[in-house]
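Read-outs throughout are calculated quantities, based only on the coordinates presented, and are distinct from any laboratory measurement. Please read these numbers as outputs of a predicted model, since none were measured by experiment. All Cβ positions, even for glycine, are placed from backbone atoms using ideal geometry, and neighbour counts span all protein chains on display.
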Amino acid sequence: MQFCLLFLAGRIDESQQRLIEYLQAEIRVLREQLGRKPRFSNDQRRRLAAKAKRAGIDALRRVVPIVTPETLLKWHRKLIAQKYDGSRTRAPGRPRVQASIERLILRFAQENPAWGYIRIAGALKNLGHAVGRTTVANILKRAGVDPAPQRRRSTSWSEFLRSHWHTLAAADFFTVEVWTAIGLVRYHVFFVMRVATRQVHIAGIIPEPHGRWMEQIARNLTDGFDGFLKGCTYLIHDRSVLYTEHFRSIFLSAGLKSVRLPARSPNLNAFAERFVRSIKEECLDRMIVLGETALRRAVNEFMIHYHTERNHQSLGNNIIASEFHRVSCEGEVFCRERLGGLLRFYHREVA
């Protein structure tokens, strides 16, 4: 009986070995036909990994499978990891800082170049927000804001203007073509402006400005009693040759530093450039100026209108000398005309 069982087991083992050899040959043929590594779906990987685990790595190396035994076992380890993966049910981590706090951090950094991360965190603490130094650093880094040392070294032109707003003045020229007895003559009008209040002073009108004339203008503007630039600290102007070294030294002796703008940079003197556009578009370009007297009269009338009657968008759409006007919602509306109706101002008479 034992002999029969051994004989039968040998025959079964021999049959299984032949079947395994056939399957190996079939796998080789399939590999030759595919010519490339086959791609498996997730379900196919799952089934192969489960069978490979039970077979063992030594047995897999003997049968030459389609994929390497290490890959099959790696799939099996991945199946186990997915079984115990709790990421779907895991609660979220630390919540992100509120957008309003992020805006505050960026505002503090932009308005205070010397403030570091801890100083900004301290300012937030004063407002009731507990934010750490690393959080402040990460928010500024995401926004592309440099740390305090780099921000402190570089000062933009707009920051310079804001820090010296009430002590800053601007100067510039504009030209007007005037008909005279000898023909068409180009007149140069030199003006200065207090940037904070937009007040403008016409310093002089002349056909051909020269150094001595400019020096006298500088003395008039810096007069200790009624000079228009009294109290100013900086005067910005272009690089015209008329702003001579002696001209600048007169301002410097009066405590007013002359700031020369880079070449070909009209945007850096934008306030003065905007005044030139206003006086030309609203007045001078709409007139044929006959003689110097007419030019001076037109400029003078526009300056009165500019300071006491014209609304300025950069000043909240208010009038520069608004203290001379009392607004009333009742009464008849009157129109005050200048230069033959070229300039108009509508108002009510206040009792």
* Structure fact -> A correct fewest-to-most ranking of 208, 332 by other Cβ atoms within 10 Å would be 332, 208
* **Proxy reagent accessibility, fewest Cβ within 10 Å first, across 41, 265** => 41, 265
* Structure fact -> Filtering trypsin sites (Lys or Arg not before Pro) in the stretch 246-292 by DSSP loop and by at most 16 other Cβ atoms within 10 Å leaves 264
* Once the Cβ-Cβ distance between residue 333 and residue 264 is put in as r, and R0 is 45 Å, what FRET efficiency do you end up with, to the nearest 0.05? -> 0.45
* Return the tail of the calculated pair distribution for the stretch 165-296, meaning the percent of Cα-Cα pairs more than 18 Å apart. => 55 percent
* Cα lying deepest toward the dipole's positive end in the stretch 267-351, options 342, 329, 275, charges on Cβ -> 275
* Structure fact -> Cβ-Cβ cut-off under 13 Å around residue 269, Lys and Arg +1, Asp and Glu -1: the net charge is +2
* Assuming R0 = 41 Å, what is the FRET efficiency of residue 181 and residue 346, from their Cβ-Cβ distance, to the nearest 0.05? -> 0.55
* What is the fewest-to-most order of 232, 283, 335 by other Cβ atoms lying within 10 Å of their Cβ? -> 335, 283, 232
